[in-house]
Amino acid sequence: MLQGIFARFPNQKIMKRYMLAIVALTLLLLPAKAVVKNPMLWADVPDPDVIRVGDTFYMVSTTMHLMPGAPIMKSKDLQNWETVGYVFDRLTDSPKYDMQEGTVYGRGQWATSLKFHDGRFWALFAPNEGGPMGQTYICTAEKAEGPWTIHSRLRHFHDATLFFDDDGTPYVFYGTGQMCQLTRDMQSVVEGSDRQYFERETDERGLLEGTRVIKHRGTYYALLISHVFAPGRHRREVCYRTTDLNGKWEKTVILESDFGGFPHVGQGTIVDSEDGDWYGIIFQDRGGVGRVFTLSPVRWIDGWPMIGDENGKVPDTMRPLVSNLPATAIVHSDDFSSSELGLHWQWNHNPIDKAWSLTERPGFLRLRTGRVVPNLYLAPNTLTQRMEGPKCTGAVTLDLRNMKDGDCCGLAAFNGDSGVLTIKKQGKKYVLEMSEQSVTLTEREKAVTNVDEKVIEKIELHSPSVIHLRIDGDFNVGRDIATFYYSLDGEQWKEIGTAEYKMRFDYRRFFMGTKYAIFNYATKKQGGYVDVDSFDYQRIG
């Protein structure tokens, strides 16, 4: 086309340069959304399950000990996501959910399965616990936004998926190649239906887990993450298929790809668009930020859903599914002007409802000291949001005037190992500390047995009324670094503590990416409070 235009001008060389310059400038001015960049969500979104209902995609992810739990996110384009609800506000099977008689750090809600059947949404999840606490929940709602209700409780199914066949028969696929049929009312397992539908390979000594099941053109497909411990073999996503649930299943590897300088991706699902295109949604472990969401095309080859580009790899970029949709996000700033807490926030364990308010002082979040505790890891009503890559910055503004002696408030890069900015009220003095804190938990009860606290720097504040605290995160390859700042006027910032605090992902304790955490707790007596004026957040890059 351009050749024809150029031929009409006598000085074609100059005209060609001119036209190519216009094309280049046009490409530069195209909105960023013209290209989908991976990771699609550079935040902690592990164990995703994604379904499509009409023109809308819905996703659920794991948030374990955070409340409310099992976040439901929606998108029109698999690119712009927003949180629209939660499957539950709190879990009440044990006082551990209230951080009493232990905790549920790294436990709680795991690997929820999301389905739409017979005009209703269905969610299945099983806490990673033993005994009654580990019983499976099946919940349902007319709308993904909720309200959700508990439909039934069944025995524990590890990393399970709910599946409805064409005739409506419900099944659960779980563990490493196990499945069973449920009764039509989904109140119990059909007697004698539990069976092993495949046997793992000899070098697959780890679990095959995170099962997701779809049916496409009469064939059943079970997708699982495979942990292979053999030379030259890596974490990978495998697929088993059959045309008869009681027949033989065959297997192939559908994705084995590292990406972006980080280890191999694995665990997720596939979903189709209204136009019949298919996409793979697979998470990748990325250190301190957690497990991030990657988006890849799916190519059906010999009846197998092969995830990745033409080389079988997660692509750096993709074309958008839908163009020019408004940008949305799952992490937000907040001025706390609403009378309801935004869906972007989650509490660490069940909150003490009477100890927080958005209405006692309109425009502020009031955090009261609801319990006397020895450390941050047992503090109730710690409010969290995800951190994001490649870089992010989050700042909180706190009114300190109603703190009591022994109270501690502040902002943390919160995980099993945390970088913490704490204002401590000591008599009439206020002291700001930057510390590195590490929690020790018992294996079974997840009880807090010790918190190793290393104070890097402390500053006495002279009768402050308001303070601003900020944490910047850098999650580029080889970084996972947090830096800490404070300000007395919100304009001039001073760095405090270690220049490069290393954030870590530890699957033995929290099993979660690092979170921004706003906290206030009492170490001597209850009754004090702080007012949170705002949380200002920006993702960078």
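Could you list the GluC sites (Glu not before Pro) in the range 411-459 that lie in coil according to DSSP, counting only those with at most 13 other Cβ atoms within 10 Å of their Cβ? Qualifying residues, ordered by number: GLU443. Using just its DSSP H runs of length 4 or more, each adding -39500 (n - 2.57), the chain gives a mean residue ellipticity at 222 nm of -1500 deg cm²/dmol after division by all residues. Per residue, the convex hull spanned by the alpha carbons of the range 431-541 comes to 152 Å³. Every Cα-Cα pair in the range 357-412 was counted, and those over 19 Å apart are 40% of them.
Rg/Rh for the chain (Cα atoms only, Rh after Kirkwood) is 1.01.
Positive-end ranking of GLY69, TYR507, MET40 along the dipole of the chain, with charges on Cβ about the Cα centre, is headed by MET40. When the Cα positions of ALA160, TYR105, CYS139 are compared along the charge dipole of the range 105-248, TYR105 comes out farthest toward the positive end, with charges on each C-beta of Lys, Arg, Asp and Glu. What you get for the range 495-541, charging only the Cβ of Lys and Arg (+1) and of Asp and Glu (-1), is a dipole of about 420 debye around the Cα centre. When each of the peptides 412-419, 216-223, 181-188, 480-487 is scored by how many other beta carbons lie within 10 Å of its residues on average, the order from highest to lowest is 412-419, 480-487, 216-223, 181-188. Annotation: lysines with alpha-carbon distance below 30 angstrom to LYS424 (same-chain offsets under eight excluded): LYS96, LYS354, LYS391, LYS404, LYS446, LYS454, LYS458, LYS494, LYS502, LYS515, LYS524, LYS525. Taking the accessible area of the range 153-248, probe 1.4 Å, and keeping the other protein chains in place, the carbon and sulfur fraction comes to 46%.
Identify, among LEU469, VAL189, LEU208, the residue whose Cα sits farthest towards the positive end of the charge dipole of the chain, taking +1 on the Cβ of Lys and Arg and -1 on the Cβ of Asp and Glu, with the dipole about the Cα centre. My answer, from the dipole projection, is LEU469. The listed peptides 270-277, 530-537, ordered by packing as a protection proxy, come out as 530-537, 270-277 (highest mean of other Cβ atoms within 10 Å first).
The values are calculated or read from the model by the stated rules, or taken from the named source; none is laboratory data. Bear in mind that the values here come from a model prediction, so they are computed numbers and not experimental data. FYI the Cβ positions are ideal-geometry reconstructions off the backbone, even for glycines, and counts take in every protein chain you see. The area values use the complete protein model at the heavy-atom level, side chains included, leaving out ligands, DNA and RNA. Shrake-Rupley method; radii C 1.70, N 1.55, O 1.52, S 1.80 Å.
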